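**Q** Below is one structure. I have some questions about it.
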Amino acid sequence: MTFKNETEPENLEKNGQHKFLLNMGPQHPSTHGVLRLVLEMDGEYVTGIDPVIGYGHRMHEKIAEVRPAQSFLPNTARMDYVCALPYNHGYVSLLEQMTGIEVPERAEYIRVITVELNRLASHLLWLGTFLLDLGAFTPILYCFDDREHILDILESLTGSRLTYSFHRVGGVYKDIDDSFIEKSREFMKRLEKRFNVYDKLVTGNIIFRKRAEGVGIVTSDIARRYGITGPNLRGSGISYDVRKAFPYSVYDKFDFEIPVGKNGDCLDRYNVRINEMKQSLRILSQAFDMIPEGDIRAKVPKKLKIPKGQSSFSVEAARGELCYYMVSDGTDVPYRLKARVPSYGNLSALAEICEGMLLADLVAVMGSFDLVIPEIDR
Amino acid sequence: MDTGKVIKEIEKISAKSESIHILPGVEYECNTAAENIREFASVLYKNNYMLLFVTAVHIEPYPVVVYQFVCPETKSRIRARVFCGENKSVPTISDIFNGANWYEREVMEFFGIDFNGLEDKRTLILDESDKNLNPLLKKEGKALSADETGFGNN
């Protein structure tokens, strides 16, 4: 991209130099974090996008190579801070898979319960900020109200509100009690009613539909070529959810569906996430009914030696497939750890999806993609 | 197309493979020669696979590039490993799976592996000022061999 300061409008048009560069971010409200986009503009239309990432890079993968595997756990929660518990879950599951530690069933249920509550909190935050990006201020107040309840519930169990380190190798940190179950059930009842409010407020709203329908279409081919996962992939009609495709933990015991879209536009991604929240409620209520009594943590040696070899473990985070890949040399310190984060693949497709659209629509697409930048930077 | 046929097709390409294993969570894994990785990726792309990630591991004498693919329809995962040669160069697959562009750029700056044919060779995550930083390469004498890291025997 080059920019030459020609002044004659006719000449500019002729030479294709009427285009200009527009800098968006790293401090821009709709980039949701420190993401910078260098946009090549033709008037109000975006003709080229170059995302600049790495502002929040902390080199988690190197940190993992210099400390015992168990003490890396808090770092996993700091990649995607909006939905941290799946990151805990994936990491401890990988270590259990490699060391062959059996997890008590009650602990797996508690893991699923906390992860699904976290997924709800993450989707509620997305709903509020997505609509804020589109210019609707009211919904975020409703969403934050609901999300606050979840954070309170999780805080009472885990002690933290955002960057949880709750799961442990071999189980979880703390058992749930009756008051936790009662509070959660109360909240679930409340949220079910609130979906009607969101429906009335947003789904049928003509301004919202004009901004979302047919905008930012992700075809299934684009999704495949870029490795888009999660609700963004399911919005394009591909029914792929790690919880169903490769059931882990106790997900195979629950009856739930994978919502999919048809066209892959912003509206489909919106619908998929709203329906996914309803499915999370279904999983939660089944989990509370079925949770068995028993231990919450298996006996694990303090110094956890990981057998030689390589292994990977995938879980479904709120934004898509999170995959940890580890190589071990037989000590308690991993030789190599790779975290495949969902937003990375999702953002890399932005340039192809958004070429030729209005700048305002680009903001809508980014909002519908639910990007968390620190997870991309790692 | 079922997974068995895809694997047969891949086996033809990765004829030089040294070992083929089945691991938990991954249905099929193989070693592939660098010159065959493009054909390998094309077969998977034609069979509706998508690229999950590209990464590398520093083992002696030269780093290994690891590719993981997944097929949403047949629910199968395939992992390929390419052992780099002395020139630490591997052909790019970013024109087959466009998402590989970012992963390859990341591996390039973290491990100093050159991806042949990759158009965009700017740094992605690290600062542009020091292209030879390669932070994920082990310090001298710290890198282990394939056997010591379990690459050769599982």
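**Q** In degrees from 0 to 90, rounded to the nearest 10, what is the angle of the helix A:359-369 Cα long axis to the longest principal axis of chain A?
**A** 10
**Q** Please say if the protein assembly as shown is rounded, prolate or oblate, where rounded means a/c under 1.5 for a ≥ b ≥ c the square roots of the C-alpha gyration tensor eigenvalues, and otherwise the choice is prolate for a/b larger than b/c and oblate otherwise? Before the final figure, lay out each step's value.
**A** On the way: a/c = 1.63, a/b = 1.01, b/c = 1.62.
The shape class here is oblate.
**Q** Taking each residue of A:82-89 in turn, how many C-beta atoms of other protein chains fall within 10 Å of its C-beta, and what is the average?
**A** On the way: counts 0, 0, 0, 0, 0, 0, 0, 0.
Shielding by partners across A:82-89 averages 0.
**Q** If you fit an axis through the alpha-carbon atoms of helix B:100-111 and take the longest principal axis of the Cα set of chain B, what angle between them do you get, 0 to 90°, nearest 10?
**A** So the helix axis and the longest Cα principal axis differ by about 40 degrees.
**Q** For the ranges B:117-125, B:52-60, what's the packing order if you count other beta-carbon atoms within 10 Å of each residue, average per peptide, and put the highest first?
**A** B:52-60, B:117-125
**Q** Work from the charge dipole of chain A (Cβ charges, +1 for Lys and Arg, -1 for Asp and Glu, about the Cα centre) and give the residue of A:THR99, A:MET366, A:MET290 farthest towards its positive end.
**A** A:THR99
**Q** Write down the percent of antiparallel bridges among all DSSP beta bridges whose residues are both part of region B:3-116, to the nearest 5.
**A** Values: 18 of 25 bridges.
Of those bridges, close to 70 percent are antiparallel.
**Q** Can you give the average number of partner chain beta-carbon atoms within 10 Å of each beta-carbon in peptide B:46-57, as a whole number?
**A** Partner Cβ neighbours, averaged per residue: 5.
**Q** On to the next question. What's the FRET efficiency of A:ASP289 with B:GLU11 using the Cβ-Cβ distance as r and R₀ = 51 Å, to the nearest 0.05? Each step should come with its number before you reach the end.
**A** Working: r = 47 Å, r/R0 = 0.92.
Between A:ASP289 and B:GLU11 the formula returns 0.60.
**Q** While we're here: Please give the average number of partner chain Cβ atoms lying within 10 Å of the Cβ of each residue in B:115-124, rounded to a whole number. Before the final figure, lay out the partial values.
**A** Details: counts 0, 0, 0, 0, 0, 1, 0, 2, 1, 6.
Taking the mean over all residues of the peptide, I get 1.
**Q** Hey, another quick one. Compute the label zone of A:LYS262 within region A:190-223: residues whose backbone N is under 15 Å from the point 7 Å along Cα-to-Cβ.
**A** Counting only backbone N, you get A:213-215.
**Q** Related question: Note the per residue figure in Å³ for the convex hull of the C-alpha positions in chain B.
**A** On the way: hull volume 16.9 nm³, N = 154.
Cα convex hull per residue, to the nearest whole number: 110 Å³.
**Q** Which of the trypsin sites (Lys or Arg not before Pro) found in region A:275-318 are in a DSSP loop and have at most 12 neighbouring Cβ atoms, other than their own, within 10 Å?
**A** Working: sites: A:LYS278, A:ARG282, A:ARG297, A:LYS299, A:LYS302, A:LYS303, A:LYS305, A:LYS308; in loops: A:LYS299, A:LYS302, A:LYS303, A:LYS305, A:LYS308.
Those satisfying the criteria are A:LYS299, A:LYS302, A:LYS303.
**Q** I need B:GLU73, A:GLU293, A:GLU61, B:GLU104 ordered by Cβ neighbour count within 10 Å, fewest first. Each step should come with its number before you reach the end.
**A** Details: B:GLU73 14, A:GLU293 6, A:GLU61 19, B:GLU104 25.
Exposure proxy ranking, most exposed first: A:GLU293, B:GLU73, A:GLU61, B:GLU104.
**Q** Between A:GLU44 and A:SER160, with labels modelled 7 Å along Cα→Cβ, what's the label distance in nm to one decimal, could you check?
**A** 4.4
**Q** Follow-up question, since we're still on this one. Please arrange A:ASP255, A:ASP370 by counting, for each residue, the other beta carbons lying within 10 Å of its beta carbon, fewest first.
**A** Starting with the residue having the fewest Cβ neighbours, the order is A:ASP255, A:ASP370.
**Q** With springs connecting C-alpha atoms under 10 Å apart, model chain A as a Gaussian network and identify which of A:ASP146, A:ASP178, A:ASP221 has the largest mean-square fluctuation.
**A** Among A:ASP146, A:ASP178, A:ASP221, the largest mean-square fluctuation in the Gaussian network model of chain A belongs to A:ASP178.
**Q** Express in whole angstrom the spacing between the alpha-carbon centres of region A:301-378 and region B:28-80.
**A** Value for the Cα centre distance between the two parts: 17 Å.
**Q** Which residue, A:HIS89, A:HIS123, A:HIS149, has the most motion in a Gaussian network model of chain A that connects Cα atoms within less than 10 Å?
**A** A:HIS149
**Q** State the answer as a single residue: which of A:ILE176, A:LEU267, A:SER220 lies farthest towards the positive end of the charge dipole of the protein assembly as shown, with beta carbon charges of +1 for Lys and Arg and -1 for Asp and Glu, about the Cα centre.
**A** Looking along the dipole axis, the top candidate is A:ILE176.
**Q** Right, something else. Note down the nm distance, to one decimal, between modelled labels 7 Å out along Cα→Cβ at B:ASP147 and at A:LYS303.
**A** Calculated label separation equals 2.5 nm.
**Q** With charges set only on the Cβ (+1 for Lys and Arg, -1 for Asp and Glu), what does the dipole of chain B come to about its Cα centre, in debye to the nearest 20?
**A** For this selection, approximately 300 debye.
**Q** Could you sort A:30-43, A:159-172 so that the peptide with the highest average Cβ count within 10 Å comes first and the rest follow in order?
**A** The peptides rank, most packed first, as A:159-172, A:30-43.
**Q** Counting DSSP beta bridges with both partners in the protein assembly as shown, what percentage is antiparallel, nearest 5? Provide the component values of the computation, followed by the final result.
**A** On the way: 48 of 56 bridges.
Of the beta bridges lying entirely in the protein assembly as shown, close to 85 percent run antiparallel.
**Q** Tell me what chain A gives for mean residue ellipticity at 222 nm when only DSSP H runs of n ≥ 4 count, each as -39,500 (n - 2.57), the sum divided by the residue total, rounded to 500 deg cm²/dmol.
**A** Helices in chain A give a 222 nm mean residue ellipticity of -14000 deg cm²/dmol.
**Q** Using the Cα atoms of region A:60-343, I'd like the radius of gyration and the largest Cα-Cα distance, Dmax, both in angstrom.
**A** Both quantities, over Cα of region A:60-343: 19.1, 60 Å.
**Q** How about region A:175-228: which GluC sites (Glu not before Pro) there lie in a loop by DSSP and see at most 15 other Cβ atoms within 10 Å?
**A** A:GLU213
**Q** Can you pull the one-decimal nm distance between simple spin-label points at B:ALA33 and A:GLU352, each 7 Å off the Cα toward Cβ?
**A** 3.0
**Q** Report, to the nearest 10°, how far helix A:266-290 tilts away from the longest principal axis of the Cα atoms in chain A, using its own Cα long axis and a range of 0 to 90°.
**A** Result, in degrees: 10.
**Q** Next question, about the same structure. Post the alpha-carbon centroid distance, region A:72-133 to region A:174-210, in whole angstrom.
**A** 20
**Q** Here's another thing I want to ask about it. So what are the ³J(HN,Hα) numbers for region A:143-149, from phi and the Karplus equation (6.51, -1.76, 1.60; θ = phi - 60°), rounded to whole Hz, Gly and Pro as x?
**A** Calculated HN-Hα couplings, in order: 5, 5, 4, 5, 5, 4, 4 Hz.
**Q** Ok, one more. Round to the nearest 0.05 the FRET efficiency obtained for A:VAL333 and A:GLU102 when R0 = 30 Å and r is the Cβ-Cβ distance.
**A** Values: r = 23 Å, r/R0 = 0.78.
For R0 = 30 Å, the calculated efficiency reads 0.80.
**Q** GluC sites (Glu not before Pro), restricted to region A:321-378: which are DSSP loop and have at most 14 other Cβ atoms within 10 Å? Mind showing how you got there, number by number?
**A** Working: sites: A:GLU321, A:GLU352, A:GLU355, A:GLU375; in loops: A:GLU355.
When the GluC sites (Glu not before Pro) of region A:321-378 are filtered for loop state and at most 14 Cβ neighbours within 10 Å, A:GLU355 remain.
**Q** Something else: Order these by the 10 Å Cβ neighbour count, fewest first: A:PHE256, B:PHE69.
**A** Going from sparsest to densest Cβ surroundings: A:PHE256, B:PHE69.
**Q** Let me ask you something else. Of A:ALA223, A:ALA136, A:ALA64, which is the most mobile in a GNM of chain A whose springs link Cα atoms less than 10 angstrom apart?
**A** Greatest mean-square fluctuation among the candidates belongs to A:ALA136.
Readers should treat all values here as calculations from the given coordinates under stated rules, not as data from a laboratory. These numbers come from a predicted model, not from an experiment. Don't worry about glycine lacking a Cβ; one is built from the backbone with ideal geometry, like all the others, and counts go over all protein chains shown.
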